[in-house]
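The values are calculated or read from the model by the stated rules, or taken from the named source; none is laboratory data. Here the structure is a predicted model, which means the values were calculated and not measured. Using ideal geometry, Cβ is built from the backbone for each residue, glycine included, and neighbour counts are taken over all protein chains shown. Just so you know, the surface numbers come from the protein's heavy atoms only, side chains and all, with ligands and any DNA or RNA stripped out. Shrake-Rupley method; radii C 1.70, N 1.55, O 1.52, S 1.80 Å.
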Amino acid sequence: MHFQWYPGHMTKARRMMQENIKLIDLIIELVDARIPLSSRNPDIDELGKNKARLILLNKADLAEDALNDEWISYFKEKGYSAVKVNSKKGGGIKSIQSVIQEACREKTERDRKRGILNRPVRAMVAGIPNVGKSTFINALAGKACAKTGNKPGVTKGKQWIRLNKNVELLDTPGILWPKFEDQEVGLKLAFIGSIKDEILQTEELAAELVKFMKSVYPGVLEEKYDILAVEDIYGCLRDIAESRHCLVRGSELDTGKAAAILLDDFRSGRLGRITLERP
Ligand code: G4P
């Protein structure tokens, strides 16, 4: 299975981030809790050096909670501030303001020694497409955001959202592209739906997911689809097709449809909370 990426987008997004990075104190980097490493962009450490760093394990609701905690410890050991959040439902969002202050404590101290008091922290939200940047910004800034937009005469272009007297957020999220020269990384990104499925790849991708589930979460597919113990991978897709009455021409099993159902169930959490990557 081969995955492609688009260096053209990458260059433009990177340039945009480089331009804006001068203006900010803190990078809030969103990663997907199901694949906290594969959903990072390795360049961000270079782009963000000398900046305070906060990693948000977003979509924590879709990943195993014990593993979320392990990942938080992992990132903290590496020197990042880190918290798990569910931007969609607002879980963990309330604590963010204090986490931001904590992440920028060194900078605030430095400012204070130089006699600079009460300068708000300026933060930028960054992450790969679909990781939940806009959802997070809305959850955090919802009302503040609307307020700025409604004011007459607000200049277009760079917009700062003033969350409170202590924090300002750059309204343009920094879009980073995942590196997937490593095909394992590409596969995991495809599982969570970050790379668009090609019609032809759906079955192959679902087969890989079955393989993973069989070894790491045994019994889950059997229970969910009411099928016999998974022996061979494509047999499992046929069983799911049968159990869900996916048929073509009235009688043939439609494994393509079964594959799409499986991927969709996984992505939306209907197979339960599943983490694809462990620290
Ligand atoms: P982006 O700006 O980084 O590209 O991501 P965006 O906020 O557009 O979010 C991408 C998708 O991820 C959205 O789903 C969004 O609802 C979902 N999402 C964001 N944060 C979370 C989270 O913490 N938990 C869960 N479960 N989902 C999250 P969508 O399918 O595009 O739309 P919809 O299903 O919400 O309508």
With Cβ to Cβ distances under 13 Å as the rule, what net charge do the other residues near Asp45 carry (K, R +1; D, E -1)? +3
Evaluated at q = 0.15, 0.19, 0.24 Å⁻¹: base-10 log I(q)/I(0), Debye formula over Cα of region 23-79: -0.43, -0.67, -0.99
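Find the percent of Cα-Cα distances in region 66-134 that exceed 16 Å, and round it to a whole number. Intermediate values should be presented prior to the final figure.
Working: 1442 of 2346 pairs.
Result for the distance tail: 61 percent.
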Per-bin percent of Cα-Cα distances, region 202-278 [5 Å]: 3, 18, 29, 29, 14, 5, 2, 1, 0
Coarse-grained scattering of region 1-134 at q = 0.15, 0.17, 0.20 Å⁻¹, given as base-10 log I(q)/I(0) from a Debye sum over alpha-carbon atoms: -0.77, -0.97, -1.25
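How big is the chain by the Kirkwood estimate over distinct Cα pairs, in Å?
It works out to 20.6 Å.
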Could you provide, to the nearest whole Å², the per residue accessible area of the chain with probe 1.4 Å? 53
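Could you tally the net charge around Glu184, taking each other residue with its Cβ under 11 Å from the Cβ of Glu184, Lys/Arg +1 and Asp/Glu -1? Can you show the working numbers first?
Details: positive: Lys188; negative: Glu181, Asp182, Glu208, Glu277.
Residues close to Glu184 contribute a combined charge of -3.
With a cap of 13 neighbouring Cβ atoms within 10 Å, and only residues DSSP puts in a loop, list the GluC sites (Glu not before Pro) found in region 28-74. Could you put the intermediate results ahead of the total?
On the way: sites: Glu29, Glu46, Glu64, Glu70; in loops: Glu64.
Within region 28-74, no GluC sites (Glu not before Pro) qualify (loop, at most 13 other Cβ atoms within 10 Å).
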How much of the accessible area of the chain, probe 1.4 Å, is carbon plus sulfur, in whole percent? 50
Using Cα positions and a limit of under 14 Å, work out the aspartates and glutamates in reach of Lys107, with same-chain residues fewer than 8 apart set aside. Asp25
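DSSP loop (so not H, G, I, E, B), at most 14 other Cβ within 10 Å: list which GluC sites (Glu not before Pro) in region 164-193 pass both filters. Could the numbers behind the result be given before it?
Numbers: sites: Glu168, Glu181, Glu184; in loops: Glu181.
In loop regions of region 164-193 (DSSP not H, G, I, E or B), the sparsely surrounded GluC sites (Glu not before Pro) are Glu181.
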Gly91's amide H: which non-local residues (gap 5+, or another chain) put their own amide H closer than 5 Å, with H modeled 1.01 Å from N in plane and none for Pro or chain starts? Asn86
